Structure formats: C-alpha cells, structure tokens
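Take this structure, written in structure tokens, and hold onto it; I'll ask about it next.
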Amino acid sequence: MEQAVRAAEQALIEFEIAVDTFRIEVENFSRLHEQRLGPVYARLEELDARILEARAARSGDPEDRRLADDARSRLQPIPGVEELLGGWMDGGGLFPEAAAMLTDQPVRPPERVRPSEEARKLYRDLARKAHPDLAQEEAERHRREEFITRVNAAYARGSEAELRELTAEWAAGPKLKERVPSAGEELYARLEWLAQRKELLTLVAKELEEGAIGSMLRLAPHDPDRLLEEIAEQLRAEVAEREAELAALEAPES
C-alpha cells in the first residue's frame, strides 16, 4: 500500500509539473500576443466604430445610430487610451512602433519570453525535488511553497542563470526527512486526496488547453513566433479591408 501511495504521489507530481509548465507558457504567450497584436486589434475596433458611425451618418437610421453609439462606448476615451493599450496610442494617435507594425515597416521585436530547453530542464528538475507534496511537516511545506514560487517566477522569465542559482540553493539547503511508514487508514486517505488533486488538475489542464491562448499555442508549440506573424498578417489584411470600406463610406456622395 505504501508503494502504491508513493507511486501515485510521484505520478501526481509529474502531472502537476506538466500543467504548471503549460500554464507558464500560456501566460507568457498571452503577454507576447498582446504585445505584438494589441495595436492591430485596437485599430480594428476603432475602424469598426468609425464604419458604423459613417453608415449612421449616411442613413440617418436610429438603429444605425444606436449600433454606432454602442460600438463607440465600448472604446476607451482618447485621454485614457494609453493606459488601455499599454503605450501603443495616445491622444495624438498611434505611437511609432504601433504605426510601423500596421504598415509593415521594421519594428523592434518584442522580448522573447518562451523559456529555452535548458531552462525547461532546470525547472522540471527543481519542481521534482522541491515539490510541496513531498513535505511531511507544515513548516517544510511552507518553505517548499515559497521556494517553488521563486522557481516559477524565474522560469516565467526564462532565466537559466536564476534557475541554476536556485538549483545550487536547494542543494545546499535542508534535506528531505526520511518518510515514516503510515498506518493503513492514513494511506487510504492519502490515495483519496491524490485522486481528488489529480481530478482538479485535469480540469485546470482542460481549461488551459481549451482557452483561446492555449489553443493557439498548441497549434505551434515549437514556433509560436511564426504563428503570431501569421495572425498578424491576417489582421493587417482585415485592417486594409476596413480602411477601404471606411474610405468609401466617407467619400462625398455623387
């Protein structure tokens, strides 16, 4: 029974490491997605509002005006738009980087936040060694939880140097106490907790995988930058279409 519990614990730890690894990569990809495509999405939303306003001005239809007002109300007023777009636009219009991105001009690429293979290896090794579920006492669990929080932050930054420092720190720290054999009823309770924990992690993993960012990341797990560029090309084509439609609506009627 004790061997079964230990096997279940190790399997759960491996599963949790996999889920945490994917979660961090989803969070990083989400930031990269917003950094690269945020200004294009903002431009599309502004064009959609202006198209509806132009249609309402032409038709004079109250329903067209209502749709236009709704679209405009969903956009941040100009004085506060910089905060909403994270520095892509101010009251005077798009900043140079955003304008360059929308016109296919060279632009400083965003920081790559996807961890390297070496960082992934260091992270997984640390997560296996320092996982809180290996603790037998509350104080030890607390120490491990704090340490893993630092490990997760270093991995999210993709910092191999920090992960190596944390590896050395863990090796020099207190050693894990030898596991004391548990009574049968405690082993059964432990197995039940492990099953519940795995069920919860399964739901978390499913939510990550089925989310918009997770779904995109799974399309190109080894080259997310290429995927972002493909999406950017599609969005730029949509911007061009909207601009043409708006120009036609705003042209003087003959």
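The values are calculated or read from the model by the stated rules, or taken from the named source; none is laboratory data. Here the structure is a predicted model, which means the values were calculated and not measured. Cβ atoms come from the backbone with ideal geometry, glycine included; neighbour counts cover every protein chain shown. Each accessible area value is taken on the protein alone, full model and side chains, heavy atoms only, with ligands, DNA and RNA left out. Shrake-Rupley method; radii C 1.70, N 1.55, O 1.52, S 1.80 Å.
How about residue 121: which aspartates and glutamates have a C-alpha closer than 17 Å to its C-alpha, ignoring those fewer than 8 places off in the same chain?
Residue 121 reaches 14, 16, 20, 25, 160, 162, 165, 169.
Ignoring everything but the protein chains, give the 1.4 Å probe accessible area of residue 20 in square angstrom, nearest 10.
About 40 Å², ignoring ligands and nucleic acids.
How many nm separate the modelled label positions at residue 206 and residue 170, each set 7 Å beyond the Cα in the direction of the Cβ?
So the two model labels end up 3.0 nm from each other.
Follow-up. Restricting attention to the range 1-34, which GluC sites (Glu not before Pro) occupy a DSSP loop and are surrounded by at most 15 other Cβ atoms within 10 Å?
In loop regions of the range 1-34 (DSSP not H, G, I, E or B), there are no sparsely surrounded GluC sites (Glu not before Pro).
Please calculate the 1.4 Å probe accessible area of residue 157, with all protein chains present, and give it to the nearest 10 Å².
140
Next question, about the same structure. Using a 1.4 Å probe on the protein heavy atoms only, what accessible surface does residue 73 show? Give it in Å² to the nearest 10.
Here the accessible area works out near 90 Å².
Using a 1.4 angstrom probe, figure out how much accessible area the range 25-67 has per residue, in square angstrom, rounded to the nearest whole.
49
In whole percent, how big is the carbon plus sulfur part of the accessible area of the range 209-254, probe 1.4 Å, protein atoms only?
52
For the range 110-172, compute Rh as the Kirkwood radius over C-alpha pairs and then the Stokes-Einstein diffusion coefficient at 37 °C and 0.692 mPa s; write the answer in µm²/s, rounded to an integer.
275
Determine the gain in length on full extension of the stretch residue 2-residue 219; use 0.36 nm per residue of separation and subtract their C-alpha separation, reporting nm with one decimal.
Stretched fully, the residue 2-residue 219 segment lengthens by 74.0 nm.
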